[in-house]
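What follows is calculated from the coordinates using simple rules that are stated; it is not laboratory data. What you see is a predicted model, and the numbers here were worked out from it, not measured in a lab. Because the Cβ atoms are built from the backbone with ideal geometry, glycine has one as well, and the counts that use them run over all protein chains shown.
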């Protein structure tokens, strides 16, 4: 493996000094980029793209060819584990993911296999290896997975949801069955992330996209313990370096203190929580990643620069900040506005590291 020439992200995640705040963007390879749309058209479908290592490698690297970013993030989807479990994953144009055989009973949960990532998810590992080779040390590669709770909601609802009625019915009505599903997903996710790390991922991120829809008692019972379990069982040393783990619960601002005690290296913070407050809450136990409102990127470059300045000032003069959006970049975002954001981070952040 090539020596890492830009380790700014890994140093920031370890809360070590850096010359400027590292920056990468959740969903940085996505529909807002014309080159991504062209590659997706060539693949014929989203799943066709995500399961083709050569094309998935291409789109993983496209944002780094366009922007001076400090990390690549694997192009994939949080529903690859359900796909490997055989529940029938399809992506319908304009509709998002659909699970053809939803899992809603104890018997259906017990029948689910725990996939072997080296077999059923080999295409993801091949993508990771390809990306590492093509990056040639330019920047680290982040691997990722969905949290057990988030992935479970898609498997139970049969797709995306606004109110999660079936998931909540199982949570409150048959909690033991839900725990069995979450335990199975935690085991599969640990195996999956460890396989990504062994294949070359240099950091790992757990996306708990729907953790924020839970009450505090439900989050502390059905989401957090399973993420904690995964973090405890991940490979944390590889190629002579620590492999940092980032945990991101969208809407999880109320639980930052408890999340900072899970053994992860960093917490993602959405735009609804002020970084200054988040820093006080976590007491320098972890690095923080975030947290520009993705909607800011629809504003003119001068407004984007002003908001970047505000986010940097909110975190303040200290190591341990990774600049990012508070959630993924939205379709329809002007790529030049993303460039303006990154330029502002490069221009304004060195003052916070002297």
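Only helices enter this figure: runs of n ≥ 4 DSSP H residues, each worth -39500 (n - 2.57), summed and divided by the residues of the chain, yield -13000 deg cm²/dmol at 222 nm to the nearest 500. On the beta carbon distance between residue 169 and residue 343, with R0 = 41 Å, the FRET formula returns roughly 0.30. With bins 10 Å wide beginning at 0, the percent of Cα pairs of the chain falling in each bin runs 5, 26, 36, 26, 7, 0. As a proxy for reagent exposure, ranking 149, 210, 271 by other Cβ atoms within 10 Å from fewest up yields 271, 210, 149. The length gained on full extension between residue 276 and residue 233, counted as 0.36 nm times the residue separation minus their Cα-Cα distance, comes to 12.4 nm. The long axis of helix 122-135 is offset from the longest Cα principal axis of the chain by roughly 10 degrees. Against the chain, whose longest principal axis is taken from its Cα atoms, helix 148-157 shows a tilt of about 50°. When 91, 144 are sorted by how many other C-beta atoms sit within 10 angstrom of their C-beta, beginning with the fewest, the order is 91, 144. Residue exposure proxy: 312, 234, ordered by other Cβ atoms within 10 angstrom of their Cβ from fewest to most, comes out as 234, 312. Of all DSSP beta bridges confined to the range 31-274, the antiparallel ones make up roughly 30%. Taking Cα atoms, how many degrees apart are the long axis of helix 335-348 and the longest axis of the chain, rounded to 10 and kept between 0 and 90? Approximately 60 degrees, to the nearest 10. For the range 14-110, just say rounded, prolate or oblate: build the C-alpha gyration tensor, square-root its eigenvalues into a ≥ b ≥ c, call rounded for a/c under 1.5, and beyond that prolate if a/b exceeds b/c, oblate if not. Oblate. The relative contact order of the chain, computed from alpha carbon pairs under 8 Å that lie at least 6 residues apart in sequence, is 22 percent.
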